[in-house]
Amino acid sequence: MGVKIRLGAMMFLQYAIWGAWAPVLSAYLLNDLGFTGTQVGIIYSLLPLATIISPFIGGQIADRYFASQKVVALLQLVGGALLIYISTISDYSTMLWLMFIYCLLYAPTLALTNSIALINLKNSEKEFGQIRVWGTIGWIVAGLALSGWRVVAKGEASMGFAGDTLLLAGIFSLVMGLVSLALPDTPPEKTAANPLAFLEAVKMLKNKNTLIFFIIAFIVSTELMFYYVLTAPFLTSAKIGIDSSTVAGVMVIGQIAEIIVMAFLLPYFLPRYGIRKTMILGILAWPLRYLIFAIGTPTWLVIASLALHGFCYVFFFTVAFIYVDRIAAKDIRHSAQSLINLVVLGVGSYIGSNFAGFIQSIFTSGSETDWTGVFLVPFFLTVLSAAVFLIFFREEEVPSPAPASST
């Protein structure tokens, strides 16, 4: 089986796992298990928290001790078994701790799968988007599979299972563990001078352009959470008026756009215009979307603007992963990916989720939310980010990375 097919299957399963539980777990916890909103919020904060704590451990192990595909296989097999067990749990305290352990297992694989793909592709600028797009497809397929199962099970009482969202994620994880054993062999670099790979990754921030890049990536990642947390309630509000039963289908526009941009536009733009110009286009798409949200009319334009998510996410975050891989020394590539994941999916997502909720509460009186005020906040912050990135960030010519020194 070809390398690209195996890498595509890896990405498909990696995000199918996440997509099987993340969009709908809250409904299960609230409606079936009777958890409070605060309890659900805490459980959802576990993955960003784990992404802050654990990725450096996974990167360190893959950079220094074991082949990365074997590390991913072990983490996914153990994680899958744990998810299947969690699907039978109804006690909050027990689920909280078990989900935290699971997130500590899953979080490192987000960085490791990126680095495995980037290391084993001949031309990452042209090919990574075409591999990573299978992750988005996996997310969508997982949701459709869960919906299909529930439609069938609804008419058969014996087939129903309350924790099916976690069960499906666990099954995907077990399959991912087995598939990982067939991935291209990606052993640690034997020429590493410093045994602590994550310290070498942090040293990358001594470079001014790299530091600017990471700061802007952090700020933009906090504003991403306005889209993930608030788009659905915004679309179903009286201002837009989309029915709650159809809002999930409407928001698929963003995922479809992500697939198109990642598979077709990124391979065209990135080799021709480089990291800096491509990322600037990505950053500028953010304030444009939030400005349309803030205006809120006409409705068709608001819905159409969901397609900007493809440019927002792909031209900034996917390119960010490619850039980090380009500037990292060969023996710290896993840890470098862990660092950008910590900044974006860890600290950025954790702070951004709370920030988005805080801003909404400020602009909410009773049951009415001033959505114009809400979305003007990320609009101005992303405009500022674009200006800083445009003025201060310079894309440096990077030679083929040499192993990191111990100094």
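The values are calculated or read from the model by the stated rules, or taken from the named source; none is laboratory data. Because the structure is a prediction, the values reported are computed rather than measured. So basically every Cβ, Gly included, is an ideal-geometry build from the backbone, and we count neighbours across all protein chains shown.
List pairs: first in the range 58-75 and at pLDDT below 90, second among the aromatic types (Phe, Trp, Tyr), Cβ under 8 Å, 6+ apart or cross-chain?
What qualifies is 59/198; 60/198.
Every residue, every condition in (1) surrounded by fewer than 23 Cβ atoms within 10 Å (Cβ to Cβ); (2) of a type in the set (S, T, N, Q); (3) not in a helix (DSSP H, G or I), yes or no:
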position	(1), (2), (3)
40	yes, no, no
69	no, yes, no
73	yes, no, no
80	no, no, no
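In the range 320-350, which residues are aromatic (Phe, Trp, Tyr) and under 19 Å from residue 396 (Cβ atoms)?
321, 323
What are the residues in the range 251-302 that are free of Cβ contacts under 8 Å to residues at least 12 places away in the same chain and more than 30 Å from residue 241 (Cβ to Cβ), if any?
Of everything in the range 251-302, those that are free of Cβ contacts under 8 Å to residues at least 12 places away in the same chain and more than 30 Å from residue 241 (Cβ to Cβ) turn out to be 264, 268, 272, 273, 277.
Would you pick out the residues in the range 104-157 that are of a type outside the set (S, T, N, Q) and not in a helix (DSSP H, G or I)?
The answer is 121, 122, 155, 156.
Only one residue in 366, 352 is modelled with pLDDT under 95 and at positive phi, so which one is that?
366
In the range 206-246, what count of residues is obtained for those that are within 15 Å of residue 299 (Cα to Cα), touching a residue at least 12 places away in the same chain (Cβ under 8 Å) and of a type in the set (Ser, Thr, Tyr)?
Result for the range 206-246: 2.
Please go through the range 243-295 and give me each residue that is part of a helix (DSSP H, G or I) and of a type in the set (S, T, N, Q), ordered by number.
255, 278
Where in the range 296-353 are the helices (runs of 4 or more DSSP H), entirely inside, with at least 1 residues that are surrounded by 24 or more Cβ atoms within 10 Å (Cβ to Cβ)?
Fully inside the range 296-353 and qualifying: 308-312, 319-327, 333-341.
Residue 281 passes all but one of (1) touching a Leu at 6+ places or on another chain (Cβ under 7 Å); (2) at pLDDT 90 or above; which number fails?
Every listed condition holds for residue 281 apart from (1).
Within the range 101-123, count every residue that is over 20 Å from residue 201 (Cα atoms) and either surrounded by fewer than 18 Cβ atoms within 10 Å (Cβ to Cβ) or of a type in the set (Ser, Thr, Tyr) (or both).
Residues in the range 101-123 being over 20 Å from residue 201 (Cα atoms) and either surrounded by fewer than 18 Cβ atoms within 10 Å (Cβ to Cβ) or of a type in the set (Ser, Thr, Tyr) (or both): 5 in total.
How many residues does the range 233-270 contain that are over 17 Å from residue 304 (Cα atoms) and either acidic (Asp, Glu) or in contact with a helix residue (DSSP H, G or I) (Cβ under 6 Å, 6 or more places away or on another chain) (or both)?
Count: 6.
Do we find that residue 101 is in contact (Cβ under 8 Å) with a residue 24 or more places away in the chain and not basic (Lys, Arg) in this structure?
No.
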